[in-house]
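Below is one structure, written out as structure tokens, with a few remarks after it.
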Protein chains: 2
Amino acid sequence: MTLSMYQATVPGVIRMMNSLSAILDKAQAYCGAKKIEDKTLLEVRLFPDMFPLARQIQIVSDTAKGMVARLSGQEPPGMPDTEATIAELKARLAKTVEFVKSVHPSKFDGAESRTVTINIGGGRKADFAGQDYLFNNALPNFYFHAATAYDLLRHAGLEIGKRDYLGN
Amino acid sequence: MTLSMYQATVPGVIRMMNSLSAILDKAQAYCGAKKIEDKTLLEVRLFPDMFPLARQIQIVSDTAKGMVARLSGQEPPGMPDTEATIAELKARLAKTVEFVKSVHPSKFDGAESRTVTINIGGGRKADFAGQDYLFNNALPNFYFHAATAYDLLRHAGLEIGKRDYLGN
């Protein structure tokens, strides 16, 4: 088993998006049982100036397709942030998984030293070597939004556990 | 720049623990300004059956030293979970960073294919190849607890942003 940028990136993000999709199935059932509208659940926040649940899932998608595109030298597919239901967010995740799966592993060859330029906030940009970008920025950020989506649902009373997050 | 299990593991976890330590400095100042006791802040939870803030930080430490130890073929240093103040949690993170830094990069040679056995809950164990363990379990879990610590503090009103989490 050889260490590769492809192996460091693709299986993990696919796995997590599939976990979130399964968690959204449980959220859908919860909404049905509790007579909660999708819209209400998708608007929950941990603090008024934090992003709500729907946006957290959209950013999971953005960070996944963004890192895969940057490391493999491609343009990420545009996905307008128009999802208004749990089913539409699941479709967004599925479409993102489809893109990630479509990239041939060989496109990641040499990605560890490819220069990646990203916005770091405050209008500033920074250059990273591919592997520093992946391990110190892209993966921490991707998992931040995945964990926050989980946290929002736990906070809203959904009965899920760490195994739902990590997958089997 | 060569891709290595050391580079995939060590700089990222050190960076995140240092970010959390700086976030805890802000939390300490917040407690002072708001006349909140450390104990009160460290007990905040997102839901009654979720771990409180102090435990989230302890698990950040546990997952960091656990993954570094497993991948480098060592025993992780024991750290009893006795921290009761923000200062003690900062010391726990510092001690964990010290351990992580103490492991020579060469100890990670071949770690991508080293067999790692972990508890996956429900009394079950599973074997992973080192790189699958790192990318599909250890890093997602480590960042889960780091993000949840951040989320708990945001939920408690602390004014921090993504740059505090990702570091500079």
When the dipole is taken about the Cα centre of segment B:1-79, and only Lys, Arg (+1) and Asp, Glu (-1) are charged at their Cβ, what size is it in debye, to the nearest 20? 160 debye
Net charge around B:GLY121, counting only other residues with Cβ within less than 13 Å of its Cβ (Lys, Arg = +1; Asp, Glu = -1)? +3
The extension gain from A:LYS35 to A:ASN119, computed as 0.36 nm times the residue separation minus the Cα-Cα distance, is 26.2 nm
As a test of reading the structure, rank A:ASP132, B:ASP81 by solvent-accessible area (1.4 Å probe, protein chains only), most first. B:ASP81, A:ASP132
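Report the gain in length on full extension from A:ILE160 to A:SER102: 0.36 nm times residue separation, minus Cα-Cα distance, nm rounded to one decimal. Walk me through the intermediate numbers first.
Values: separation 58, 0.36 × 58 = 20.88 nm, distance 3.05 nm.
Result for the pair: 17.8 nm of gain on full extension.
So how much accessible surface do B and A hide from each other in total, probe 1.4 Å, in square angstrom to the nearest 100?
On the way: alone 9220 and 9230 Å², together 14530 Å².
In total, chains B and A hide about 3900 Å² from solvent.
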Whole-number percent relative contact order across chain B, with pairs defined as alpha carbons under 8 Å at least 6 apart: 34 percent
Sort shortest first the distances from B:ALA126 to its counterpart in every other copy, using label points 7 Å along the Cα-to-beta-carbon line, and give them in nm. 3.3
Using the Karplus curve 6.51 cos²θ - 1.76 cosθ + 1.60 with θ = phi - 60°, what ³J(HN,Hα) values do you get for each residue of segment A:23-28, in whole Hz, with x for Gly and Pro? 5, 5, 4, 5, 5, 5
Say a label goes 7 Å from Cα toward Cβ at A:GLU88 in every copy; what distances in nm does this one have to the rest, shortest first? 4.9
Find every distance from the label point of B:LYS39 to the corresponding label point in the other copies (7 Å from Cα along Cα→Cβ) and write them in nm, one decimal, shortest first. 4.6
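Enter the accessible area per residue of segment A:102-144 (Å², integer; probe 1.4 Å; all protein chains in place). Walk me through the numbers before you get to the answer.
On the way: 1920 Å² over 43 residues.
So segment A:102-144 comes to 45 Å² accessible per residue, rounded to a whole number.
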If you fit an axis through the alpha-carbon atoms of helix A:139-155 and take the longest principal axis of the Cα set of chain A, what angle between them do you get, 0 to 90°, nearest 10? 10 degrees
Find the eigenvalues of the gyration tensor of the Cα atoms of segment B:60-148, then list the square roots of 5 times those eigenvalues as equivalent ellipsoid semi-axes, largest first, in whole angstrom. 23, 17, 11
Place a +1 charge on the Cβ of each Lys and Arg in the protein assembly as shown and a -1 charge on the Cβ of each Asp and Glu, then give the dipole magnitude about the Cα centre in debye, rounded to the nearest 20. 40 debye
Can you pull a Stokes-Einstein diffusion coefficient for segment B:3-72 at 10 °C (1.306 mPa s), Rh from Kirkwood over Cα pairs, as a whole number of µm²/s? 115 µm²/s
To one decimal place, what Kirkwood hydrodynamic radius in Å is obtained for the protein assembly as shown from all pairs of distinct Cα atoms? 20.4 Å
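Considering only protein heavy atoms and a probe of 1.4 Å, how much of the accessible area of segment A:13-82 is carbon and sulfur, as a whole percent? Numbers along the way, then the final one.
Values: 1750 of 3230 Å².
With neighbouring chains kept in place, the figure for segment A:13-82 is 54 percent.
Tell me what chain B gives for mean residue ellipticity at 222 nm when only DSSP H runs of n ≥ 4 count, each as -39,500 (n - 2.57), the sum divided by the residue total, rounded to 500 deg cm²/dmol. It would help to have the intermediate numbers written out before the result.
Details: 7 runs with 98 residues, N = 168.
Mean residue ellipticity, 222 nm, calculated: -19000 deg cm²/dmol.
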Send over the Kirkwood Rh of segment B:1-157, from the inverse of the averaged 1/r over different Cα pairs, rounded to one decimal Å. 16.4 Å
Express in whole angstrom the spacing between the alpha-carbon centres of segment A:93-167 and segment A:3-17. 10 Å
Springs between alpha-carbon atoms under 10 Å, Gaussian network over chain A: tell me which of A:GLY123, A:GLY157, A:GLY110 tops the mean-square fluctuations. A:GLY123
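The values are calculated or read from the model by the stated rules, or taken from the named source; none is laboratory data. On a predicted model such as this, the values are computed, not experimentally measured, just so you know. Glycine gets a Cβ as well: all are built from the backbone with ideal geometry, and neighbour counts include every protein chain shown. Ligands, DNA and RNA are excluded from the accessible area calculation, which covers all protein heavy atoms including side chains. Shrake-Rupley method; radii C 1.70, N 1.55, O 1.52, S 1.80 Å.
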